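What follows is a set of notes on a single structure, which appears directly below.
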Amino acid sequence: VIIFASHVNSFFKAYKPPVSVESQLVVDTSPYIKPLMQLLDEYESFGLILLDTHRARIYVVNHDKIETSKRLSKDIMNRHRKGGCSQARFQRLRRGAINAFFKEVSDAAEHLLSEVKRVVVAGPGTAKDEFIEYLTDDLKKRVVGKIDVDFDEKDVLPAAEETVIEDKKHSVLKKLDVFKKEVLRDGLAVYGVEETVAAARNGQINFLFVLKDLKIKGWICEHCQAVEPGETRNCPYCGKPTSEVDVIEEVIEFAERTDGEIVFVDDDTLKELGGIGGLLRFK
Ligand SMILES: [Zn+2]
């Protein structure tokens, strides 16, 4: 479990991570979030919509486990009923019922999948393509893959997870590529501890790249929020006493507070650049 507790603020919250974590105890003036951010980055929840023309299941999945799910179904006439309506009219009614069902599933998905970044749509035949057209633009953009399976297929989760992992790898590589280009042309990027700390404090970081498991011993001055690697008893800027910290943790906290996205990577170029860097929103 991961527990955040503060006696002063009467705060206690426990989380069960999807995998077991290394034991550690950290006392800090702010929640120590680095291991949790790395877990969230590694085991990202994703959405899965499994459907055909009259049944649907919507899932939020994290690492083989279903966190939430919803089932929907609709009676859709499949055969020509005797008497009453013509074949053409019957087909029109049936189509209308399917469209209404897709709309209903899309509304439910929008609600249930509001927190996930990636969505996979699975099911037999062309239903999934028709259905995707009913999604809002925002949700449509988050669809990273389609899987052709029977509605009753039990083993769709591993395939969906693989699709998500592949997409994620691809998007991290793309972002890293942009970052390296910006570094080369001295554009919207920073690297190395000093520059990255400064940019993170200024709220400039859009994407923060951190070498996996990187730790840099340093200090923070809670009074003026100065953070630097190394050791010092008193802050050189305001003279107040400092606390020992992991500089990387502090950068992550700064970036997180200003809505930066934290990306943990294994990359040789980033290693050479000091293990940490960021793509900036502005300069
Ligand atoms: Zn200070």
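The values are calculated or read from the model by the stated rules, or taken from the named source; none is laboratory data. Remember, predicted model here, so these are calculated numbers, not experimental data. Glycine also receives a Cβ, built like all others from the backbone with ideal geometry; neighbour counts cover every protein chain displayed. When the accessible area is computed, the model is the full protein with side chains, heavy atoms only, and any ligands, DNA or RNA have been set aside. Shrake-Rupley method; radii C 1.70, N 1.55, O 1.52, S 1.80 Å.
Listing for the model above:
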| quantity | calculated |
| --- | --- |
| The listed residue being within 30 Å of H111 (Cα to Cα) and at pLDDT 95 or above, out of F179, F207 | F207 |
| Y15 in contact with a His (Cβ under 8 Å, 6 or more places away or on another chain) and at pLDDT below 90 | no |
| Every residue from the stretch 208-223 that is open to solvent by 40 Å² or more (accessible area, probe 1.4 Å) and away from the ligand (no atom under 16 Å from the Cβ) | K212, D213, K215, K217 |
| Considering residues of the stretch 224-261 that are away from the ligand (no atom under 16 Å from the Cβ) and among the small types (G, A, S) only, the residue nearest to the chain's Cα centre (by Cα) | G260 |
| Filter result (buried (at least 19 other Cβ atoms within 10 Å of the Cβ) and either more than 15 Å from the ligand (Cβ to nearest atom) or at pLDDT below 95 (or both)) within the stretch 189-198 | A189, V190, Y191, V193, T196 |
| Which listed residue, of D155, D150, D177, is open to solvent by 60 Å² or more (accessible area, probe 1.4 Å) and over 21 Å from V61 (Cα atoms) | D177 |
| Within the stretch 261-283, tally of residues that are within 14 Å of Q204 (Cβ to Cβ), open to solvent by less than 30 Å² (accessible area, probe 1.4 Å) and not aliphatic (A, V, I, L, M) | 2 |
| Output for the stretch 110-133, where each listed residue is under 17 Å from the mean Cα position of the chain (by Cα) and either within 16 Å of G145 (Cα to Cα) or among the β-branched types (V, I, T) (or both) | L113, V116, K117, R118, V119, V120 |
| Check on V265, touching a helix residue (DSSP H, G or I) at 6+ places or on another chain (Cβ under 8 Å) and within 16 Å of the ligand (Cβ to nearest atom) | no |
| Boolean, V197 is part of a helix (DSSP H, G or I) and not assigned by TED's automatic domain parsing to the domain that holds G277 | no |
| Residue tally, condition outside any loop (DSSP other than H, G, I, E, B) and either at pLDDT 95 or above or open to solvent by 50 Å² or more (accessible area, probe 1.4 Å) (or both), over the stretch 230-244 | 3 |
| Matching strands (runs of 3 or more DSSP E) fully within the stretch 19-124 where at least 3 residues are open to solvent by less than 90 Å² (accessible area, probe 1.4 Å) and hydrophobic (A, V, I, L, M, F, W, C) | 46-51, 55-62, 119-123 |
| Check on R201, more than 28 Å from K271 (Cα to Cα), within 15 Å of the ligand (Cβ to nearest atom) and open to solvent by 80 Å² or more (accessible area, probe 1.4 Å) | no |
